[in-house]
Amino acid sequence: MRADVRRLLRSIPPVDELLAEDEGVALVARYSHASVRDALVIVLDRYRESIKSGETEVSFGDVEPGVIWTRVCDVLQEWFDPGPQKVINATGVVLHTNLGRAPLSAEAIRRLGVVGASYSDLEYDLKAGKRGSRGHFAVEALRRLTGAEDALVVNNNAAALLLILNTFAPGHGVVVSRGELVEIGGSFRIPEVLRAGGAHLVEVGTTNRTHPSDYRNAITEGVTMLMKVHRSNFHLEGFTAEVSAGDIADMARRGGLLSVYDLGSGYLGRKGVPRLAGEPSVVDAVSSGVDLVTFSGDKLLGGPQAGIILGSQELLHELRTNHLLRALRVDKITLSALGATLSAYLNEREREEIPVLRMIGRDQEELENRARGLADQLAEVFPGRVEVVAGSSRVGGGSSPGLELPTHLVRCTPRTSDVTAWIERLRGGEPPVILRVASGSLLLDPRTLLAGDESAVLGNFICAANSIGGDARVR
Ligand SMILES: *Cc1c(COP(=O)(O)O)cnc(C)c1O
């Protein structure tokens, strides 16, 4: 090692000496001795590495005062950030899987706050005064809303399928159309879920066309289930054919097999509520006669993460007695948020109360007014062109693939500064703003902005304009 490197390394004081400095004492009071010490060790190690690699040739005494402590604060803040944190979704993708899918209704938040902070009748039957079944609230609501005989709530839709496969199909064949072997968000793939559930996949048909005879021919010894999967995140167009849930249910019944419909997106489809293009509804799926229907709680239903299974009492009883359920069940927080979400449907107030449905249902006039309001405010602070243009939003999150909802976008085109600098600054804001970019412009879609988001977006733009630098500030 070169002598100057050794000299620089020796200039670093012992950790305990630094901890005794005023900054150290103040941070220890806020974050605990062990945490500050660990953060300091990490920062000093990085400094040591940069000396060894030749990146730094500054001795510790010459490092700008405060720099080390700023870095320690950065490490501590990362550790102590309880995350996930709120972000503003200005992308116009209503169910954004990376942004936590459905925002909950005000009533769901209220109920989970109350139930979370107190004892509850989670597994207690208040009428009988003895142990009750977990989730009985949701069961009754789901039966009334969907026409199903019985319901069961688990951790997510993947867990719902896992439980079904593990209960009814271990070691057996499950028939799925080649056109429905979907992947949802990378970690969920139908073939892998089948394998994890102990079943083996029997593929039938082709990518674009599957016929009833394909299923019939596949029904052989060892096959116990016909499964239909909703192509929830892509669109098949052209020379295509698929077999309806009703036909699959019929064939399964005749062959003495089970039929399962993985609906995924979970559009409830109550009578009198407009359909969503390309979305099969839960109500239709149940009335098609398939034995079991599954869907997510946090997609189009607009509730918390959950997997919902609908079917006969007899089949659901078998699912309830599978010991795997213990590992897949939901907690009181989820159940209270789900209960409140379902209540909105029972009251026929879902389109006003459930954020996801409200956002999907926003009309053009409202969107245009909100876009204009936001554009007027941004024009005051943004160094460049701000205008309102026609565009489209998406439902996203594994539902209504290809469906484009017309919207009005605020388009901000910086005059001189780099658009990527803007994206990064806005993403690093408080709260972070996530938006779309197209050909050198920032695009903000008012459809996915929640109450109060506009002023936060404006605040973020002001901060970004100030930090992006000289040219940005000149309007
Ligand atoms: C979203 C989706 C899943 C996975 O649901 P999670 O609740 O995320 O586990 C499975 N199948 C289909 C068809 C889906 O759309």
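The values are calculated or read from the model by the stated rules, or taken from the named source; none is laboratory data. Note that the structure is predicted; figures quoted are calculated from it, not measured. Heads up, the Cβs are rebuilt from the backbone with ideal geometry, glycines too, and the neighbour counts pull from every protein chain shown. These accessible areas exclude ligands, DNA and RNA; they are computed on the full protein's heavy atoms, side chains included. Shrake-Rupley method; radii C 1.70, N 1.55, O 1.52, S 1.80 Å.
Do the conditions hold for Thr206, that is, is it buried (at least 20 other Cβ atoms within 10 Å of the Cβ), of a type in the set (S, T, N, Q) and more than 19 Å from Ile308 (Cβ to Cβ)?
Numbers: buried (at least 20 other Cβ atoms within 10 Å of the Cβ): no; of a type in the set (S, T, N, Q): yes; more than 19 Å from Ile308 (Cβ to Cβ): yes.
Taking the combined requirement at face value, the residue does not satisfy it.
Looking at the range 187-203, which of its residues are open to solvent by 30 Å² or more (accessible area, probe 1.4 Å) and outside any loop (DSSP other than H, G, I, E, B)?
Within the range 187-203, Arg189, Pro191, Glu192, Arg195, Ala196, His200, Leu201, Val202, Glu203 qualify.
Quick one: which helices (runs of 4 or more DSSP H) sit completely within the range 288-382 and have at least 1 residues that are small (Gly, Ala, Ser)?
325-328, 332-346, 355-361, 364-381
Which of the residues belonging to the range 291-313 are within 14 Å of the ligand (Cβ to nearest atom) and over 22 Å from the mean Cα position of the chain (by Cα)?
Taking the range 291-313 as the starting set, the residues that turn out to be within 14 Å of the ligand (Cβ to nearest atom) are 292-309.
Listed by number, the list holds a single entry, Leu292.
Working carefully through the options Arg270, Arg254, find the one that is surrounded by fewer than 19 Cβ atoms within 10 Å (Cβ to Cβ) and assigned to a helix (DSSP H, G or I).
Working: Arg270 fails: assigned to a helix (DSSP H, G or I).
Going through Arg270, Arg254 in turn, the sole match is Arg254.
If I filter the range 441-462 for residues that are touching a residue at least 40 places away in the same chain (Cβ under 8 Å), open to solvent by 50 Å² or more (accessible area, probe 1.4 Å) and of a type in the set (D, E, K, R), do I get at least one hit?
Among the residues of the range 441-462, not one is touching a residue at least 40 places away in the same chain (Cβ under 8 Å), open to solvent by 50 Å² or more (accessible area, probe 1.4 Å) and of a type in the set (D, E, K, R), which makes the answer no.
Please state which of the following conditions Leu403 fails to meet, knowing it meets all the rest: (1) exposed (fewer than 14 other Cβ atoms within 10 Å of the Cβ); (2) under 30 Å from Pro280 (Cα atoms); (3) among the hydrophobic types (A, V, I, L, M, F, W, C).
For Leu403, the failing item is (1).
Inside the range 6-123, counting only helices (runs of 4 or more DSSP H) that do not spill past its ends, which hold 2 or more residues that are closer than 24 Å to Gly429 by Cβ and within 16 Å of the ligand (Cβ to nearest atom)?
Hits in the range 6-123: none.
Could we say that Val63 is at pLDDT 90 or above, of a type in the set (A, V, I, L, M) and open to solvent by less than 80 Å² (accessible area, probe 1.4 Å) here? Before the answer, list the steps.
Numbers: at pLDDT 90 or above: no; of a type in the set (A, V, I, L, M): yes; open to solvent by less than 80 Å² (accessible area, probe 1.4 Å): yes.
It is false that Val63 is at pLDDT 90 or above, of a type in the set (A, V, I, L, M) and open to solvent by less than 80 Å² (accessible area, probe 1.4 Å).
Of the residues that make up the range 316-328, is at least one buried (at least 24 other Cβ atoms within 10 Å of the Cβ), touching a residue at least 60 places away in the same chain (Cβ under 8 Å) and polar (S, T, N, Q)?
No, the range 316-328 contains no residue that is buried (at least 24 other Cβ atoms within 10 Å of the Cβ), touching a residue at least 60 places away in the same chain (Cβ under 8 Å) and polar (S, T, N, Q).
Got at least one residue in the range 216-230 being assigned to a helix (DSSP H, G or I), away from the ligand (no atom under 15 Å from the Cβ), of a type in the set (S, T, N, Q) and surrounded by fewer than 16 Cβ atoms within 10 Å (Cβ to Cβ)?
yes
Every residue, every condition in (1) of a type outside the set (Phe, Trp, Tyr); (2) within 16 Å of the ligand (Cβ to nearest atom); (3) over 26 Å from Gly402 (Cβ atoms), yes or no:
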| site | (1), (2), (3) |
| --- | --- |
| Ala199 | yes, yes, yes |
| Val202 | yes, no, yes |
| Glu237 | yes, no, no |
| Asp247 | yes, no, no |
| Gly264 | yes, yes, no |
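Could you list, in sequence order, all residues of the range 145-186 that are under 18 Å from Ser296 (Cα atoms) and part of a helix (DSSP H, G or I)?
Within the range 145-186, the first condition is being under 18 Å from Ser296 (Cα atoms), and the residues that meet it are 145-148, 150-165, 180-186.
Of everything in the range 145-186, those that are under 18 Å from Ser296 (Cα atoms) and part of a helix (DSSP H, G or I) turn out to be Leu145, Thr146, Asn157, Ala158, Ala159, Ala160, Leu161, Leu162, Leu163, Ile164, Leu165, Glu180.
Under 9 Å between Cβ atoms, which residue pairs at least 6 apart in sequence (or on different chains) link something in the range 238-266 that is basic (Lys, Arg) with a partner that is crowded, with 24+ Cβ neighbours inside 10 Å?
From residues that are basic (Lys, Arg), the pairs are Arg253/Ser259.
Scanning for something more than 25 Å from Ala465 (Cα to Cα) and touching a helix residue (DSSP H, G or I) at 6+ places or on another chain (Cβ under 6 Å), does the range 378-391 turn up at least one residue?
Checked against the condition, which is being more than 25 Å from Ala465 (Cα to Cα) and touching a helix residue (DSSP H, G or I) at 6+ places or on another chain (Cβ under 6 Å), the range 378-391 yields no hits at all.
Go through (1) part of a helix (DSSP H, G or I); (2) over 19 Å from Phe137 (Cβ atoms); (3) more than 16 Å from the ligand (Cβ to nearest atom); (4) of a type outside the set (Ser, Thr, Tyr) and name the single condition Asp284 misses.
Every condition holds for Asp284 apart from (3).
Please indicate, with yes or no, whether at least one residue in the range 231-246 is within 15 Å of Leu310 (Cα to Cα), open to solvent by 50 Å² or more (accessible area, probe 1.4 Å) and assigned to a helix (DSSP H, G or I). Give the derivation first.
Pass one, the range 231-246, residues within 15 Å of Leu310 (Cα to Cα): 245.
Applying the additional criterion that residues be open to solvent by 50 Å² or more (accessible area, probe 1.4 Å) yields none.
No, that holds for no residue.
In the range 125-157, which residue that is surrounded by fewer than 24 Cβ atoms within 10 Å (Cβ to Cβ) and under 27 Å from Ile219 (Cβ atoms) is farthest from the ligand (Cβ to nearest atom)?
Glu149
Can we say Ser177 is within 14 Å of Val229 (Cβ to Cβ) and within 16 Å of the ligand (Cβ to nearest atom)?
So Ser177 fits the description; yes.
For the range 383-405, which residues satisfy the criterion of being closer than 30 Å to Leu268 by Cβ, out of contact with any Leu (no Cβ under 8 Å at 6 or more places or on another chain) and assigned to a strand (DSSP E or B)?
Passing the criteria: Glu404, Leu405.
Sort out which residues of the range 158-174 are within 13 Å of the ligand (Cβ to nearest atom) and open to solvent by 10 Å² or more (accessible area, probe 1.4 Å), and write them in order of number.
Initially, the range 158-174 is screened for residues within 13 Å of the ligand (Cβ to nearest atom), giving 158-165.
Of everything in the range 158-174, those that are within 13 Å of the ligand (Cβ to nearest atom) and open to solvent by 10 Å² or more (accessible area, probe 1.4 Å) turn out to be Ala158, Leu162.
When you check Leu409 against the structure, is it surrounded by 21 or more Cβ atoms within 10 Å (Cβ to Cβ), touching a strand residue (DSSP E or B) at 6+ places or on another chain (Cβ under 6 Å) and within 28 Å of Ser232 (Cβ to Cβ), yes or no?
Considered against the rule, which asks whether it is surrounded by 21 or more Cβ atoms within 10 Å (Cβ to Cβ), touching a strand residue (DSSP E or B) at 6+ places or on another chain (Cβ under 6 Å) and within 28 Å of Ser232 (Cβ to Cβ), Leu409 comes out as yes.
Find all pairs meeting these conditions: Cβ atoms under 7 angstrom apart; at least six residues apart or on different chains; first residue within the range 154-177 and on the phi > 0 side of the Ramachandran plot; second residue not aromatic (Phe, Trp, Tyr).
Gly171/Gly198
Would you mind telling me which numbered condition in (1) in contact with a Pro (Cβ under 8 Å, 6 or more places away or on another chain); (2) part of a strand (DSSP E or B); (3) open to solvent by 10 Å² or more (accessible area, probe 1.4 Å) Leu263 fails?
The one condition Leu263 does not meet is (3).
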